[in-house]
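Structure record follows, encoded as structure tokens.
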Amino acid sequence: MSAGTEPVSGRVGRAPARPTDPPRRPPTNPRRWTFLGLSVPATLGLLAFLVAPLALMVSLSLHRELSPDLLGPFEPTLEQYQQAASVGNYWQILQTSALIAFVVALAATALAYPIAYFLAFRAGPRAGLYLILLLIPFWTSYLLRVMAWKLMLGNAGVINSTLTGLGIIDEPLKGLLFSRNTVVVTLVYVWIPFATLPLLAVLGRIDVRLHDAAADLFASPFQQFRRITLPLSLPGLAAAFLMVFIPTIGEYVTPLLVGGNAGIMYGNVIQDFFTRSGNWPLGSALSVVMVALTLTLVVVGLRVVQPRRLLGR
């Protein structure tokens with residue numbers, strides 16, 4: 001070893017400690033700003049056309065009487081709600097409307113399920129054509145479709161004229177029109193296409209290989225439907241049911257045209273207060289009660305069905 005050289009140690013010295021680097025910020029996601037930009041118009045539209053009218057309706061229901069300045073200062077009162085609660089007919093009509101809406105939603109969903117099943121699994125390349133044929137009624141006015149049933153079920157309508165011409169009946173059947181049964185049948189006809197769309201969306205996402213695997217395990221077509229198709233389509237059933245139930249409970253056009261006095265619903269009572277009686281505060285109070293009841297039923301239904309559990313999330 002030469003002089004002046006230091007012996008090399010067998011241990012390698014540690015590198016000097018580096019100062020800790022500041023935490024890096026995650027890169028900005030451009031999709032986030034795109035989502036925010038696209039959601040702003042929808043949010044503004046929701047606030048303008050849903051939240052603001054609901055707030056105005058709640059505010060109007062707290063008025064003692066209709067005043068020219070609806071947005072001006074006033075003393076809130078619950079007199080309209082007290083009057084609505086004291087009249088038993090209002091609650092009876094609300095219960096009847098909820099029952100009619102339940103029957104219509106149940107029937108429309110049950111009738112729409114086979115249609116959606118056929119389009120998803122049996123229609124093949126013609127599914128698009130059949131879907132267009134299903135949506136053709138949307139091209140006509142809602143009032144025209146309802147009036148068509150009035151022309152069919154009237155005393156001089158198609159059904160009575162046919163039965164009278166064939167000699168089956170001597171006089172027109174008067175029970176076909178202006179009844180609650182007529183309202184139910186007409187509403188079921190109107191809402192079947194609406195109920196088909198969410199069912200078709202859910203059934204279309206089911207992997208057909210699941211049915212092939214079940215068939216390899218000697219499962220019958222009914223067992224395949226009961227254990228695969230039906231459980232996986234339950235969220236679509238819940239969505240279709242609620243899509244029909246929510247607007248039907250406040251329906252007033254169809255009962256007015258084909259129901260008459262015998263088929264009156266809760267929406268007709270509210271309409272009378274806003275048009276004939278001119279009692280907007282009481283009509284608003286009845287509307288708030290209907291909205292609260294509908295939201296309560298929807299929340300209870302979602303808690304019972306639990307779509308997230310059905311989707312496996």
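Every number here is computed from the coordinates shown, using simple stated rules; none is lab data. Computed from a predicted model, the values in this text were never measured in an experiment. Here Cβ is always computed from backbone atoms with ideal geometry, including for glycine, and neighbour counts include all displayed protein chains.
Using unit Cβ charges (K, R positive; D, E negative) and no other charged atoms, how large, in debye to the nearest 20, is the dipole of the chain about its Cα centre?
1460
Which one of Gly278, Gly236, Gly167 has the biggest mean-square fluctuation once the chain is modelled by GNM with Cα springs under 10 Å?
It is Gly167.
Tell me what the chain gives for mean residue ellipticity at 222 nm when only DSSP H runs of n ≥ 4 count, each as -39,500 (n - 2.57), the sum divided by the residue total, rounded to 500 deg cm²/dmol.
Details: 14 runs with 184 residues, N = 313.
Value at 222 nm, helices only: -18500 deg cm²/dmol.
Taking Cα pairs under 8 Å and at least six residues apart, what relative contact order does the chain come out at, in percent?
Working: 290 pairs, mean separation 79.9, N = 313.
For the chain, the relative contact order is 26 percent.
Can you give the Rg/Rh ratio of the chain, where Rg is from the C-alpha atoms and Rh is the Kirkwood radius? Could the numbers behind the result be given before it?
Working: Rg = 31.1 Å, Rh = 24.9 Å.
On the Cα set of the chain, Rg over Rh gives 1.24.
Using only Cα atoms, tell me the angle between helix 180-203 and the longest principal axis of the chain; keep it within 0 to 90° and round to the nearest 10.
Between the helix axis and the principal axis of the chain, the angle is about 20 degrees.
Go ahead and set up a Gaussian network model of the chain, Cα springs under 10 Å, then flag whichever of Gly128, Gly154, Gly72 fluctuates most.
Result for the chain, Cα springs under 10 Å: Gly72 fluctuates most.
Quick one: check the C-alpha center-to-center distance for region 74-153 versus region 244-296, whole angstrom.
Between the Cα centres of region 74-153 and region 244-296 lies a distance of 14 Å.
Please identify, among Thr96, Thr43, Thr229, the residue showing maximal mean-square fluctuation in a Gaussian network model of the chain using a 10 angstrom Cα cutoff.
Evaluated over the chain, the most mobile residue of the options is Thr43.
Lys/Arg Cβ at +1, Asp/Glu Cβ at -1, dipole of region 75-310 taken about the Cα centre: which of Pro137, Gly157, Ala219 is farthest positive-ward?
The one lying farthest along the dipole's positive direction is Ala219.
With 10 angstrom as the radius, rank Glu79, Glu251, Glu171 by how many other C-beta atoms surround their C-beta, starting from the fewest. Mind dumping the intermediate values first?
Values: Glu79 15, Glu251 23, Glu171 9.
In increasing order of surrounding Cβ atoms, one gets Glu171, Glu79, Glu251.
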